[in-house]
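Trainee: Here it is: the structure, laid out below.
The values are calculated or read from the model by the stated rules, or taken from the named source; none is laboratory data. Treat the numbers as computed from the prediction; the structure is a model and nothing was measured. As a convention, Cβ positions derive from the backbone with ideal geometry for all residues, glycine included, and neighbour counts pool all protein chains shown. Note: areas computed on protein heavy atoms with side chains; ligands, DNA, RNA excluded. Shrake-Rupley method; radii C 1.70, N 1.55, O 1.52, S 1.80 Å.
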Amino acid sequence: GGFDWVARDYAEKFGAISPVTVLYRPPRQAWLRDFMRQSRQRPGMQAVATDLGGVKAMLKALKTGGCVGLLPDQVPPAGMGEWLPFFGKPAYTMTLAARLIAQTQPTVLWVWGERLPAGRGFVVHVRSSASRECAADARLALLGEELEAVIREGPQQYIWGYNRYKSPRAEGASR
């Protein structure tokens, strides 16, 4: 929860020491795409599109001591995920996080913002992950289990309207 807010808060507090690179999926409308890109760029935070250039930027950030932020529950394009259980139902699951971990061996943290009642802000939660230490073939399943555990801590905070179980879009297809 609160991905944009948490990333901005991190950038303000720690971005000068360890900048964060975050993925976002640009909208189709040019005016909105430009607005979103400009509003997400901050000192200590680089927003990169969900394309090959964005993945390369994330790899570079990790290899140079930076950190990355991504939403592991997004449905990736066809061919960039695997069908794995998510709360007991098959969900097409991105492999990007597991591949980044395999290539760079970073410290992996689950970070989320809990929305407080009556618009009083957020509380940031941080949990470490065992995914770096596990075998590569088990990593993606473990990340899914850890995501479920995070959601179980505050299921009312998760955006359940997002269709986590849909089939992937064809790569390059119109959004």
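Trainee: Can we say TYR92 is more than 17 Å from GLY144 (Cβ to Cβ), among the aromatic types (Phe, Trp, Tyr) and under 18 Å from the mean Cα position of the chain (by Cα)?
Mentor: no
Trainee: Kindly provide the set of residues from the range 105-124 that are in contact with a strand residue (DSSP E or B) (Cβ under 9 Å, 6 or more places away or on another chain) and among the aliphatic types (A, V, I, L, M), ordered by number. Can you show your working first?
Mentor: Applying the first criterion (in contact with a strand residue (DSSP E or B) (Cβ under 9 Å, 6 or more places away or on another chain)) to the range 105-124 yields 106-116, 121-124.
Residues satisfying the conditions are VAL108, LEU109, VAL111, LEU116, VAL123, VAL124.
Trainee: Moving on. Could you list, in sequence order, the residues of the range 85-94 that are out of contact with any strand residue (DSSP E or B) (no Cβ under 8 Å at 6 or more places or on another chain) and without any contact (Cβ under 8 Å) to a residue 40 or more places away in the chain? Please lay out each step first, then the result.
Mentor: Residues of the range 85-94 out of contact with any strand residue (DSSP E or B) (no Cβ under 8 Å at 6 or more places or on another chain): 87-89.
GLY88, the sole residue that qualifies.
Trainee: Could you please give the count of residues in the range 41-50 that are buried (at least 17 other Cβ atoms within 10 Å of the Cβ), touching a Phe, Trp or Tyr at 6+ places or on another chain (Cβ under 9 Å) and not in a loop (DSSP other than H, G, I, E, B)?
Mentor: 3
Trainee: So which residues in the range 95-127 are aliphatic (A, V, I, L, M) and touching a residue at least 24 places away in the same chain (Cβ under 8 Å)? Steps first, answer last, please.
Mentor: Initial filter on the range 95-127 (aliphatic (A, V, I, L, M)): 96-98, 100-102, 108-109, 111, 116, 118, 123-124, 126.
Passing the criteria: LEU96, ALA97, ALA98, LEU100, ILE101, ALA102, VAL108, VAL111, VAL124.
Trainee: Additional query: So, in the range 1-30, exactly how many residues are open to solvent by less than 90 Å² (accessible area, probe 1.4 Å) and either under 15 Å from VAL48 (Cα atoms) or of a type in the set (Lys, Arg) (or both)?
Mentor: In the first step, residues of the range 1-30 are kept if they are open to solvent by less than 90 Å² (accessible area, probe 1.4 Å); the result is 1-4, 6-11, 15, 18-24, 26-27, 29-30.
If we keep only those that are either under 15 Å from VAL48 (Cα atoms) or of a type in the set (Lys, Arg) (or both) as well, we get 3-4, 7-8, 11, 19-24, 26-27.
The total comes to 13.
Trainee: Can you go through GLY69, GLY65, GLY53, GLY79 and tell me which one is within 14 Å of THR21 (Cα to Cα), in contact (Cβ under 8 Å) with a residue 40 or more places away in the chain and open to solvent by 40 Å² or more (accessible area, probe 1.4 Å)?
Mentor: Numbers: GLY69 fails: open to solvent by 40 Å² or more (accessible area, probe 1.4 Å); GLY53 fails: in contact (Cβ under 8 Å) with a residue 40 or more places away in the chain; GLY79 fails: within 14 Å of THR21 (Cα to Cα).
Every option except GLY65 fails the conditions.
Trainee: A further question on this structure: Going through the range 125-156 one residue at a time, which ones are open to solvent by 30 Å² or more (accessible area, probe 1.4 Å), of a type outside the set (Gly, Ala, Ser), at pLDDT 85 or above and in a helix (DSSP H, G or I)?
Mentor: LEU142, GLU145, ARG152, GLU153, PRO155, GLN156
Trainee: What are the pairs, 6+ residues apart or on separate chains, where a residue within the range 151-175 that is small (Gly, Ala, Ser) has its Cβ under 6 Å from a residue that is open to solvent by 80 Å² or more (accessible area, probe 1.4 Å) and at pLDDT 70 or above?
Mentor: none
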